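The values are calculated or read from the model by the stated rules, or taken from the named source; none is laboratory data. Just so you know, these numbers come straight off a predicted model, no measurement behind them. We place every Cβ from the backbone using ideal geometry, glycine too, and count neighbours over all the protein chains shown.
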């Protein structure tokens, strides 16, 4: 096992930032927490973002949550920055080099910057990194049913629905399905080679 990981290095911060036309993906830092906190206190938004129990977070809890999500081994969180200011988070979770896949997630945490195509641009930057630099075979995501904007976003990027975890999460006393979407390396890279 050690041989495998020594020949497949984990992503390193030196490859950052990832730059797009309007956005930059960087490492998030402790100074970003105060800006992110209102998003993580808005239960109406978190109901579609968190696949676990929805509750508001305080600053200390948010710090622990993001530290857990960004363990530097198999889970990585990137700050989405527009004009130097954080406006969201995008992440790779459960990075599995032997099986060549990872889960991806995104949140545009600034209400003022939603609906401007930032999510598409940020995801494209991270997908380029995951498929190009990391050479992963498959990227997948989970979307709670009812989150139609996320379904449209991931479908536009080429993700296809692969399955449904029926009645997987409870929201406001109602069980909702968890939709599983996936994108393969060749599906993502094919349009780029035309």
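When region 36-50 is examined, which residues are found to be closer than 21 Å to residue 144 by Cα and out of contact with any strand residue (DSSP E or B) (no Cβ under 6 Å at 6 or more places or on another chain)?
Restricting attention to region 36-50, the residues satisfying the condition of being closer than 21 Å to residue 144 by Cα are 39-50.
The answer is 39, 40, 41, 42, 43, 44, 45, 46, 50.
Can you tell me which condition residue 134 does not meet? The list is (1) more than 23 Å from residue 17 (Cα to Cα); (2) out of contact with any helix residue (DSSP H, G or I) (no Cβ under 8 Å at 6 or more places or on another chain), and all the others hold.
For residue 134, the exception is condition (1).
Quick check on residue 181: is it crowded, with 19+ Cβ neighbours inside 10 Å, modelled with pLDDT under 95 and in contact with a helix residue (DSSP H, G or I) (Cβ under 7 Å, 6 or more places away or on another chain)? Steps first, please.
Details: crowded, with 19+ Cβ neighbours inside 10 Å: yes; modelled with pLDDT under 95: no; in contact with a helix residue (DSSP H, G or I) (Cβ under 7 Å, 6 or more places away or on another chain): yes.
No: the conditions fail for residue 181.
Given the options 146, 115, name the one that is modelled with pLDDT under 95, surrounded by fewer than 13 Cβ atoms within 10 Å (Cβ to Cβ) and over 14 Å from the mean Cα position of the chain (by Cα). Before the answer, list the steps.
Working: 146 fails: surrounded by fewer than 13 Cβ atoms within 10 Å (Cβ to Cβ).
After ruling out the rest, the residue left standing is 115.
Yes/no per residue for (1) crowded, with 20+ Cβ neighbours inside 10 Å; (2) without any contact (Cβ under 8 Å) to a residue 40 or more places away in the chain:
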site	(1), (2)
67	no, yes
79	yes, no
83	no, yes
94	no, yes
108	yes, yes
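Out of the residues in region 23-58 that are assigned to a loop (DSSP other than H, G, I, E, B), in contact with a helix residue (DSSP H, G or I) (Cβ under 6 Å, 6 or more places away or on another chain) and modelled with pLDDT of 90 or more, state the one that is surrounded by the fewest Cβ atoms within 10 Å (Cβ to Cβ). Explain how you work it out, then say what you get.
Step one: filter region 23-58 for residues assigned to a loop (DSSP other than H, G, I, E, B), giving 28-29, 42, 50-58.
Retained after the next criterion (residues that are in contact with a helix residue (DSSP H, G or I) (Cβ under 6 Å, 6 or more places away or on another chain)): 54, 56-57.
With modelled with pLDDT of 90 or more added as a condition, the list becomes 56-57.
Details: 56: 13, 57: 19.
Of everything passing the filter in region 23-58, 56 is surrounded by the fewest Cβ atoms within 10 Å (Cβ to Cβ).
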